[in-house]
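Shown next, in structure tokens, is the structure this report addresses.
The values are calculated or read from the model by the stated rules, or taken from the named source; none is laboratory data. These numbers were taken from a predicted model, which means no experiment stands behind them. Positions of Cβ are generated from backbone atoms using ideal geometry, with glycine treated the same way; all protein chains shown enter the neighbour counts. Areas reflect the complete protein model, heavy atoms only, side chains present, ligands, DNA and RNA absent. Shrake-Rupley method; radii C 1.70, N 1.55, O 1.52, S 1.80 Å.
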Amino acid sequence: MLTMHQQITVKTLFKQGIKQTEIARELGCHRNTVRNIIRNDQVIEKQTRDRPSYFSPYHDQIKVWREKDVSNLRMYEILRETYAISRTYDSLCKYIQKQFPETPEAFGVQVTGPGEEAEVDFGYAGLQPVNPPGMPLIHGKTWVLAVKLSHSRTGFHRVTRDQKVTTLTSGITAAFEYFGGVPRRLKIDNLRAAIIKNQHYDLLYNQQFLEWANHYGCVINPCAPYHPEQKGKVEAEVKYVKNNFFVEREFTDWTDMVNRLTHWTAEYANRRTHSITRRVPWEVLAAEERAALLPLPQNPFPSFEQAERVVQKNCHLFFKNNYYSVPARLAGKTVTIRFTGGLLRVIDQGEEAACHAVSAAVGQYITCRSHLPGYKCYGVTEYQQKYEAKMANIGEYAHTYFKEILLKRDSYWFKAVRSILGLVNRYGNEAVNLSLQRALHFNVLDISVIARIVEQQLYRLDVAPKLPKLSSAVEPVIPQVPSQLPLSEDINRDLSYYQQLLER
């Protein structure tokens, strides 16, 4: 049924002599509808259903919830638990959308001067050929990186296989070289390769991307989350490339696609008349913006791969089948490693903590002695000197004992020395030193005997002289005992009597 205004229009046009078919064509309706309206003398108003919604009884409550920023899902859960509603969640969402329409947010036009800003974004380009030339056709996921100068609208495009930070920085670097300079600000979306966290006032940059931006002298200007309109120029650029370059084009391999995109960007995209500025982007860049760009640095930013590793308790981390030392203070912590060519750098909180040449061996420990704690970095000779100083500090005899034990125990000397130091902790230097004096007097090196001397305080006794060693040429003199003792009437003699006989 046509509206009242349309019905009056039909009657007016018919009175003017216009055919019913032409009236139907002009109003976009069937000719039978026009004929029925002409036959009726009265204008029929279109009847509408004025029946209240199922959620009308809860209108005020829903309004209160919306003022408190309660989600639609939570509203539905409360209504179902409290009032046992029988409608679906989608029907509630439609009611809220109709009864509480949201006013669309208005945006202003962003006008920037020459050389002030460039916008950056990735766009998914679908499955494209990724095989090298001459190889069978293989399709894989691809993205297009777009960098667009905000003033001249000159764009740079590159297809990529990933969205890593190295891919991002190398792509933007190529764009700067293509433009002939560096813009002062870089507006970028919240890509993981550039912005790790962007929540209210909590902003965390990717360290490698931040260092790259500092090297080229441009300021990073991240967009607010869920606000793509803040970089609307590059958003439109990504859409333009996807809809005008990749559509209805077939590529034989990766190189073919890269070369054709480069040619299309330079010869067509940047040389067409822009739909908004009504000017040719490349001409504006050459005439106005290139001179306003910052100069490129003399040395390019070093490209490297980056990963994270956990430092083991032995002050080493694992990288490509080998173990590399890290300062002891980082044991158990997570650090960032950067590797390029034959160089491995360990980064902690933005500062270099260690640097190693990457080894071609397998299963090796590449250790810098300064990374180990003081008590772990002694060589064999230094280890002996360390404990010799400790034994000399106990006393003269302890120092002599150390030299003796070093000669006779070879590589096991440290066990005895550590035991001696343990006795020092319990009984003191003097007691242990005197005990070692007594042990050396009797040529005793066994630590268990020395421990008894200390514990039983045998070092307080006088040291008995040693027995002289017997020569093998001299026969020992053995006293002779008479074979037959003289008899006497008194058989029960005192013991002293027999002792006198032996002394004769």
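Pairs K333/K386; K386/K415; K197/K242: which exceed 20 Å Cα-Cα? Present the calculation step by step, with values, prior to reporting the outcome.
Numbers: K333/K386 31 Å; K386/K415 14 Å; K197/K242 28 Å.
Exceeds cut-off: K333/K386; K197/K242.
Among 348-354, 155-161, 91-97, how do they line up from the highest to the lowest mean number of other beta-carbon atoms within 10 Å? Present the calculation step by step, with values, prior to reporting the outcome.
Values: 348-354: 13.1, 155-161: 21.1, 91-97: 16.3.
By packing density, highest mean first, the sequence is 155-161, 91-97, 348-354.
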Exercise. With a 1.4 Å probe and all protein chains in place, put T334, T103 in order of accessible area, largest first.
Key: T103, T334
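Only Cα pairs under 8 Å and at least 6 apart count here; give the relative contact order of the stretch 219-287 as a rounded whole percent.
Details: 22 pairs, mean separation 9.1, N = 69.
For the stretch 219-287, the relative contact order is 13 percent.
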Exercise. Keeping the other protein chains in place, figure out the carbon and sulfur percent of the accessible area of the stretch 48-95, with a 1.4 Å probe.
Key: 45 percent
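Keeping all protein chains in place and using 1.4 angstrom, which order do R278, R66, R369 fall into by accessible surface area, from largest down?
Values: R278 160, R66 75, R369 125 Å².
Ranked from most to least accessible, the order is R278, R369, R66.
Between T334 and A361, what FRET efficiency follows from the Cβ-Cβ distance if R0 is 30 Å, with the result rounded to 0.05? Before the final figure, lay out each step's value.
Details: r = 26 Å, r/R0 = 0.85.
For R0 = 30 Å, the calculated efficiency reads 0.75.
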